[in-house]
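Here is the structure we will look at, set down as structure tokens.
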Amino acid sequence: MSVTEATAARPGRPLTAFRRRFEGRRAGQVACLLLALLLLVVVFGPLVAPYGASEIVGIPYSGPSGSHWLGTDYLGHDVLSRVLDGGRSVVAYALLAMATAYGVGGVAGLVAGLRGGLVDATLMRLMDVILAFPPILLLLVLASGVGGSTAILVAGVALVNVPGIARVVRAATAEVATRSYVEAAVARGAGTVPILRHDVLPNIAATVAADAGTRFAISILLAASMNFLGVGIEPPSPDWAVMMTENRSGLTLQPWALLAPALLLATLTVTVSVVADVLTREEER
Amino acid sequence: MSADAAALEIAGLVVRAPGGAAIVEQVELTVRGAEIVALVGESGSGKTTCGLAALGFARDGARIDGGSVRVAGRELLGLGERELRGVRGRHVSYVPQNPGSALNPAMRVGDHLRELLRAHGRAGDDAVVQAALERVHLPGERAFRRRWPHQLSGGQQQRLAIALALACEPAVAVMDEPTTGLDVVTQARILDEVRRLRDASGLGVLYISHDLAAVASIADRIAVMYAGRVVEQGPAAELLARPCHPYTRGLLASLPDHREPRRLRGIGGAVAALDARPAGCAFAPRCPLASDACRAQAPPLTSPAADRAVRCFHAAQTPPPAFEPLPQRAAADGAALLAVRDLRVSFGGGDVVAADDVGFALARGECLALVGESGSGKTTIARCVAGLQRPDGGEIALAGEPLAGFARGRTREQRRRLQIVFQNPYQSLNPRETAIEAVARPLRELGRDHAAGGRAASLRAAEQMLERVQLPRRLAHSRPAALSGGELQRVAIARALVVEPELLLCDEITSALDVSVQAAVLELLGGLRDELGLTLLFITHDLGVVAAIADRVLVLQRGSVVETGPVGQVVRAPAQPYTQELVAAAPSLSR
């Protein structure tokens, strides 16, 4: 076989591999489809919304009708328009928090796992300190101390995730670091960055990704809980969690104002978890 | 039961995997009282499956699908789980491979025996427990009975496992690789113990092992398994002297022997996977005598001589084993390539001394073997030379230039000239890289001429190197998961040799391989050594391997050099007591 053929016929193109994992898993396929639809709604929802999210269009708490499919909320906004608009903040803040958390926790885990010794011990004890606080309490203390804002929300959710991420990444890295192929690279004098890129990251990716799926779902819930408790996004913004807080009082009058965002939030977290689970299980086979 | 009645009789046994493929097929095996039958085979041959079937047991998912297993005349197959429980341990017992994980860490030594005895309705008082321990030469006193399994040495744990197997005086004991993982001296003692128990109590033993040399000293009869079938069996001495099956002959030719050093000949190819076994004789694809008949149908069991049985159409044509002498090598020219002086390494703040003032020199073109048991410091020394471990003191010099402690402190040229191959082939290669990528990478990092040619040039060079280590062409673009242990090790050797090093460190590179594959890898290494003028530092615990490949040997014990000299001299006439003990304990066919 010639060299060019070889590169052309390299196994494991990501999309094919991804599709193969869902073969014969009905629950996974349904979840994947739902998640894709949901993400479409989240991203493109505002473009198709019939009304503006903060536009007062009718009498508060009026039921579903031809012009307002999901009725109106406590101020008379169109619920459908708000729901179409309110997913972006949920997903965006969770993603932002995850990215921050992986930036900090992932690097800490890689360094601790690869270096070991005193560096490892110091970093991990630091993580244990963060881990000692209950997440919600930590976020509330943070909000009452510094004041509630979206930046604090993102930072808080990230902070809560940092120790867990650091531990998972450290454990996976430490295991890979003892493998002979890493030692062979060290003996050849390869630099830390190439070793991380070629030998460590590709081989811990599956473990870390499996953890990331569940973590993302939990982060969405955590961010939503914070918003529900009033830390983070301020009420007029159309966020699913904020909508649930706002419309609590009208549950019996106009249940859709609360149920619509609640159902979407539940579907989002469940589908993310199921898809993550399918991807992980395949790795374990 | 009289001594001449069969203690264990297995006939027509079939065990199937969950998918329906037969793990073992048509197994016929008889163990008489006071007889040790060795069941020998390489990994995946089905020997453990057979051994477990002797207790009416099949591993998770597998099932016994036919045949008969009789223990002291009583049929086990078809018995209910409750009845089987009464038979196991009482009439037929099992000694597992790894006693460390077979013993309950939360149970004292005495309680292990007491529980077993009581489960079979026997008195479990102290006197009985003491007697059971003393039978296998363990101390029977109270203090020992109150110890926990983790407080015993590996050899003691194995003796306890044997004591447990013998406590209820069964007719037959199945011992599954009971000495694998023990050092040779302990192994020799356990083997003596098994032999003594056979003579003293009329016990029948089915002794499962991958090591033909180890069982040769104790077995009355040997059964050789290949790909799920017993391909040959007979009295030990006869079978070893005149093998009828080409596979047995191949095994003998691959077996390193320190008493009779000779050229090793591996068996080409690898055992077929369970779901890809060929239709006819499973050995046909690797057999030099294979004919169309072999590929068409599995040969039936025939008896070429009294008490011999073989499954081969060409049993009569199988030539007797012919041992070739080792090739003569020109003496090394004397210029030292590697010099190690006063090397000191300790761990845990000086508590464990892994190397204590170790010094040696390695001449260009020479092969020096570092020999020792586990914990002797041989791997630590190799890691220091490779730049993976910084020594506490001493000096390592390559061609006169002192080397920095860590690889990163050495020059690129120094790193290129010295390469290492590791012990565990399954962890040696990055699972995400194909064979050819793995071999091409060092060229980009260390290569001299190829760096200019870019990726295409390095891939071409890697391809040539893979050909040199005789990796089948179609596997060059496979990832490690698709390769066998021997193939992985060939790729690891190619990865080391592709940058044209002068010194190759081999850290137990064959210890995880089957003996026929080991021989093939050693054969390859010997050839490459001549071809490329390599200097080898070869770390191993196996004196047979030393005799087959090394020029000089350095014996290590607890971090210190005990003895050093030419292989012939050290192995034939060891001067130090420790070396003498090692040499005496090492398994060999010629004893």
> Can you tell me the accessible area per residue over the protein assembly as shown, all protein chains present, probe 1.4 angstrom, in square angstrom?
Replying inline: 43 Å²
> Where does each of A:SER81, A:SER67, B:SER291 land when they are ordered by accessible area, with a 1.4 Å probe and the largest first?
Replying inline: A:SER67, B:SER291, A:SER81
> Rounded to the nearest 10 Å², what accessible area does B:THR180 show when all protein chains are kept and the probe is 1.4 Å?
Replying inline: 60 Å²
>> Heavy atoms of the protein only, probe of 1.4 Å, neighbouring chains included. What is the accessible area of B:HIS120 in Å², nearest 10?
In response: 40 Å²
> Under unit Cβ charges (Lys, Arg +1; Asp, Glu -1), what dipole magnitude, rounded to 20 debye, does chain B have relative to its Cα centre?
Replying inline: 920 debye
> Which ³J(HN,Hα) values in Hz, rounded to whole numbers, follow from the phi angles of the stretch B:240-256 under the Karplus curve 6.51 cos²θ - 1.76 cosθ + 1.60, where θ = phi - 60° and Gly and Pro get x?
Replying inline: 6, 7, 9, x, 9, 9, x, 5, 4, 4, x, 4, 4, 6, 8, 7, x
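Total Å² of accessible surface buried at the A-B contact, 1.4 Å probe, nearest 100?
On the way: alone 15110 and 24670 Å², together 37320 Å².
Buried area between the two chains comes out at roughly 2500 Å².
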> Taking the Cβ-Cβ separation of B:ALA200 and B:ALA575 as r and a Förster radius of 51 Å, what is the calculated FRET efficiency to the nearest 0.05?
Replying inline: 0.90
> Just going by the charge dipole of chain B, with Lys and Arg at +1 and Asp and Glu at -1 on Cβ, which of B:SER254, B:GLY565, B:ASN104 is farthest out on the positive end?
Replying inline: B:ASN104
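Taking the radius of gyration and the Kirkwood hydrodynamic radius from Cα positions alone, what is the Rg/Rh ratio for the stretch B:216-301, to two decimal places?
Details: Rg = 13.8 Å, Rh = 14.1 Å.
When Rh is taken as the Kirkwood radius, the ratio is 0.98.
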>> Under the rule of at least 5 residues apart or a separate chain, name every residue whose amide H is placed under 5 Å from the amide H of B:ALA173.
In response: B:SER93, B:GLY204, B:VAL205, B:LEU206
> What is the spread of the Cα atoms of the stretch B:276-395 along each of their three principal axes, largest first, in whole Å?
Replying inline: 64, 39, 31
> Give me the log10 of I(q) over I(0) for the stretch A:77-284 at q = 0.12, 0.13, 0.14 Å⁻¹, as the Debye formula computes it from C-alpha points; what are the numbers?
Replying inline: -0.69, -0.78, -0.87
>> Threshold 50 Å², probe 1.4 Å: give the residues of the stretch B:427-444, in number order, that are less accessible with all protein chains present than with their chain alone.
In response: B:GLN427, B:ASN430, B:ARG432, B:ARG441
>> On C-alpha positions alone, give me the angle between the axis of helix A:117-131 and the longest principal axis of chain A, in degrees, nearest 10.
In response: 10 degrees
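Can you sort A:TRP256, B:TRP148 by 1.4 Å-probe accessible area, starting with the largest? Write down the numbers at each step before the final one.
Details: A:TRP256 105, B:TRP148 75 Å².
Most to least solvent-accessible, the answer reads A:TRP256, B:TRP148.
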>> Which residue, B:VAL515, B:ALA355, A:SER144, has the largest displacement toward the positive end of the dipole of the protein assembly as shown when charges sit on each Cβ (Lys, Arg +1; Asp, Glu -1)?
In response: B:VAL515
>> How would the stretch A:1-141 be classified by its alpha-carbon gyration tensor: rounded, prolate or oblate, with rounded meaning a/c under 1.5 and the a/b versus b/c comparison settling the rest?
In response: oblate
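Remind me, relative contact order of chain B in percent, using alpha carbon pairs under 8 angstrom and six or more residues apart?
Numbers: 1260 pairs, mean separation 84.6, N = 591.
Averaging sequence separation for qualifying contacts and normalising by length gives 14 percent for chain B.
Give me the percent of Cα-Cα pairs in chain B that sit more than 36 Å apart, rounded to a whole number. Don't jump to the answer; show the numbers that get you there.
Numbers: 72800 of 174345 pairs.
Result for the distance tail: 42 percent.
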>> Which residue, B:LEU79, B:ALA131, B:LEU116, has the largest displacement toward the positive end of the dipole of the stretch B:70-141 when charges sit on each Cβ (Lys, Arg +1; Asp, Glu -1)?
In response: B:LEU79
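What does the net charge come to around A:PHE44 if you take all other residues with beta carbon closer than 12 Å to its beta carbon, with K and R at +1 and D and E at -1? Kindly include the intermediate steps, with their values, before the conclusion.
Working: positive: A:ARG88; negative: A:ASP85.
Net charge around A:PHE44: 0.
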>> Check which residues have an amide H placed less than 5 Å from B:ASP257's amide H, if you skip close sequence neighbours.
In response: B:ARG262
>> Tell me the carbon and sulfur percent of the accessible area for the stretch B:322-427, rounded to whole percent, probe radius 1.4 Å.
In response: 48 percent
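Quick one: dipole size for the protein assembly as shown, taken about the Cα centre, charges +1 on Lys/Arg Cβ and -1 on Asp/Glu Cβ, in debye to the nearest 20.
Roughly 540 debye for the protein assembly as shown.
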> What does the charge count near B:HIS137 come to, summing +1 for each Lys or Arg and -1 for each Asp or Glu among other residues with Cβ under 10 Å from its Cβ?
Replying inline: +1
> Hey, how much of the P(r) for the stretch B:84-218 falls beyond 21 Å, as a percent of Cα pairs?
Replying inline: 36 percent
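Can you compute the charge dipole magnitude of the stretch A:77-284 about its Cα centre, using +1 on each Lys and Arg Cβ and -1 on each Asp and Glu Cβ, nothing else charged? Give it in debye, rounded to the nearest 20. Present the calculation step by step, with values, prior to reporting the outcome.
On the way: 12 positive and 15 negative charges, 74 e Å.
The dipole of the stretch A:77-284 has a size of about 360 debye.
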> How large is the Kirkwood hydrodynamic radius of the protein assembly as shown, in angstrom, based on all distinct alpha carbon pairs?
Replying inline: 31.8 Å
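Can you tell me the relative contact order of the stretch A:77-284? Whole percent, Cα pairs under 8 Å, sequence separation 6 or more. Numbers along the way, then the final one.
Working: 242 pairs, mean separation 58.4, N = 208.
It comes to 28 percent, rounded to a whole number.
Quick check on the stretch B:542-587: take the gyration tensor over C-alpha atoms, sort the square-rooted eigenvalues as a ≥ b ≥ c, and tell me if it's rounded (a/c under 1.5), prolate or oblate. List each step's numbers first, then the result.
On the way: a/c = 1.43, a/b = 1.21, b/c = 1.19.
Rounded is the answer for the stretch B:542-587, as its axis ratio a/c remains below 1.5.
So for the stretch A:46-121, considering every pair of alpha-carbon atoms, how many percent are separated by more than 19 Å?
Details: 1595 of 2850 pairs.
Percentage above 19 Å: 56.
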> B:GLU25: net charge of surrounding residues, Cβ under 12 Å, Lys/Arg +1, Asp/Glu -1, itself excluded?
Replying inline: +2
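The values are calculated or read from the model by the stated rules, or taken from the named source; none is laboratory data. What you are looking at is a predicted structure, and each value in this text was computed from that prediction instead of being measured. Heads up, the Cβs are rebuilt from the backbone with ideal geometry, glycines too, and the neighbour counts pull from every protein chain shown. Heads up: the accessible areas ignore ligands, DNA and RNA and are worked out on the full protein's heavy atoms, side chains in. Shrake-Rupley method; radii C 1.70, N 1.55, O 1.52, S 1.80 Å.
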